[in-house]
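The values are calculated or read from the model by the stated rules, or taken from the named source; none is laboratory data. What you are looking at is a predicted structure, and each value in this text was computed from that prediction instead of being measured. Heads up, the Cβs are rebuilt from the backbone with ideal geometry, glycines too, and the neighbour counts pull from every protein chain shown. Areas reflect the complete protein model, heavy atoms only, side chains present, ligands, DNA and RNA absent. Shrake-Rupley method; radii C 1.70, N 1.55, O 1.52, S 1.80 Å.
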Amino acid sequence: QGVTWPEMIVCNAMVLFCASLTVLLPALLLTGLFLVFYLTAAERLPTLLRYGLLVAGYGIYLFIISLLTIWVSTLSKTAKTALLRLIGCWLLFVLVLPKISQVIGQVVYPSPSKVAFDRAVEEDLLEQGDSHNPDDPYFMGLKDSVLAVHGVTSTKELPFNYSGFIMREGEKLSTATFRKHESRLLTRYEQQHDVVRWTAFVNPYVAIKYASMALSGTDYRTYRSFKDQAEAFRYNLAQTMNELQMEFIGNNVTSSADKNAVLDSHHWHDFPDFQQQPVALSGTLRAEGLSLLALFLWAVGLTALAIFLRRPTSVL
């Protein structure tokens, strides 16, 4: 009937692609309605941009799967053979390759167990000093230097609350130590993720998975950004409380039940609420450039196969 080989492959893939959209479009339309009606004016534009890229990404992914399905079907002599091969592709892309790459990442970039991590942090803290131990050498030396600087012989003579000062210094040391170890651990986790991310060039499922998570704000980098912001807020709050104790609580107060140990509530009302700053879209695109490139190459490569490759001689 005059139908060329590329026309037959591409048109069959487009039919399958349109059929797959009947599953995807209802979810996308429902999500779009929520975004339009429940976002504030400031949130709407960046979120809709992410949503548009997410729709485009899933459209490309479905087109890749449609072309791949037609190719497997074309190279199979029977429908049963085609079905078995497609099931094998699904198992390979969704279960086998991701699991193998995760194991390789953990072998190449091993991470410590929770017990080992906690022990390393505790050992560093013990070397630096324990602010809760009055006989700790580091904090005993700090106490002597503070008394010498202010020309007094007792902490009760200091112009600030010494307990608040010790807690501020202890918080500073313990936070710096924990952040140092945590940064190494999280960097190791990122390296493990990068090993899996590179498999996007042989596995389109990994490509759309990482791109989708990044655009939706559920990826590892977004989690780390939120965690870092929350930790900075916690540290600022703790140090603010310690400084308030230094400034407004006298050294003669020995119990929290003492009325002089109570601060006015306006100090807490003045402290700002936690406000998460979202990851910029430009940063997301840079971070997931590998996944987006892999999707593009998969689409271009399979389309080129359909257009330029001859019809297999085994298919009659």
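Which residue, Glu182, Glu43, Glu247, has the most motion in a Gaussian network model of the chain that connects Cα atoms within less than 10 Å?
Result for the chain, Cα springs under 10 Å: Glu43 fluctuates most.
Compute the angle between helix 97-108 and the longest alpha-carbon principal axis of the chain, please, reported from 0 to 90 degrees and rounded to the nearest 10.
Value to nearest ten degrees: 40.
Kirkwood Rh, Cα Rg: Rg to Rh for the range 178-316? Walk me through the numbers on the way to the answer.
Details: Rg = 26.3 Å, Rh = 19.9 Å.
Reported Rg/Rh (Cα atoms, Kirkwood Rh): 1.32.
In vacuum, with every alpha carbon of the range 106-236 counted as one equal point scatterer, what does the Debye formula give for log10 I(q)/I(0) at q = 0.17 Å⁻¹? Two decimals, please.
-0.99
Taking R0 as 30 Å, what FRET efficiency do you get between Leu297 and Cys89 from their Cβ-Cβ distance, rounded to the nearest 0.05?
On the way: r = 18 Å, r/R0 = 0.59.
The pair Leu297/Cys89 has a calculated efficiency of 0.95.
Report, in degrees rounded to the nearest 10, the 0 to 90 angle that the Cα long axis of helix 162-198 makes with the longest principal axis of the chain.
10 degrees
Obtain the nm distance between the two label points defined at Asp194 and Ala120 by a simple spin-label model: each point lies 7 Å from its Cα along the Cα-to-C-beta direction.
1.7 nm
Against the longest alpha carbon principal axis of the chain, how many degrees, from 0 to 90 and to the nearest 10, is the axis of helix 137-150 turned?
In the chain, helix 137-150 runs at an angle near 60 degrees to the longest axis.
Work out, step by step, the length gained on full extension between His150 and Ser216: first 0.36 nm times the residue separation, then minus their alpha carbon distance; give nm to one decimal. Show your work: numbers first, answer last.
Working: separation 66, 0.36 × 66 = 23.76 nm, distance 5.50 nm.
Difference between extended and current length: 18.3 nm.
From largest to smallest, what semi-axes in whole angstrom does the range 1-115 give when each is the square root of 5 times an eigenvalue of its alpha carbon gyration tensor? Don't jump to the answer; show the numbers that get you there.
On the way: eigenvalues 217, 167, 25 Å².
Value: 33, 29, 11 Å, ordered largest first.
Roughly how large, in nm² to one decimal, is the mean projection of the convex hull of the alpha-carbon atoms in the chain? Kindly include the intermediate steps, with their values, before the conclusion.
Values: hull surface 99.1 nm².
Averaged projected area of the chain's Cα convex hull equals 24.8 nm².
Could you tell me the calculated FRET efficiency between Val107 and Tyr223, based on Cβ-Cβ distance and R0 = 25 angstrom, to the nearest 0.05? Display every interim value, and only then the final one.
Values: r = 24 Å, r/R0 = 0.94.
Given R0 = 25 Å and the Cβ-Cβ separation, E is 0.60.
Roughly how many nanometres apart are two label points built 7 Å out from the Cα toward the Cβ at Phe233 and Ile100?
My value for the distance between the label points is 4.3 nm.
Between Thr78 and Thr22, 0.36 nm times their residue separation minus their Cα-Cα distance comes to what?
On the way: separation 56, 0.36 × 56 = 20.16 nm, distance 2.67 nm.
Full extension of this stretch gives 17.5 nm more.
Working out 0.36 nm times the residue gap between Ala261 and Leu305, then minus their Cα-Cα distance, what length gain in nm do you get to one decimal?
On the way: separation 44, 0.36 × 44 = 15.84 nm, distance 7.68 nm.
That pair, Ala261 and Leu305, stretches by 8.2 nm at full extension.
Taking a quarter of the surface of the convex hull around the Cα atoms of the range 42-109, what do you get in nm²?
Working: hull surface 28.9 nm².
Projected over every direction and averaged, the Cα hull of the range 42-109 covers 7.2 nm².
Quick one: accessible area per residue over the range 3-140, 1.4 Å probe, rounded to a whole number of Å²? Please report the intermediate quantities before stating the final value.
Values: 9040 Å² over 138 residues.
The answer is 65 Å² per residue.
What nm distance separates the two modelled labels at Asn251 and Asp135, each placed 7 Å from Cα along Cα→Cβ?
Output for this residue pair reads 2.3 nm.
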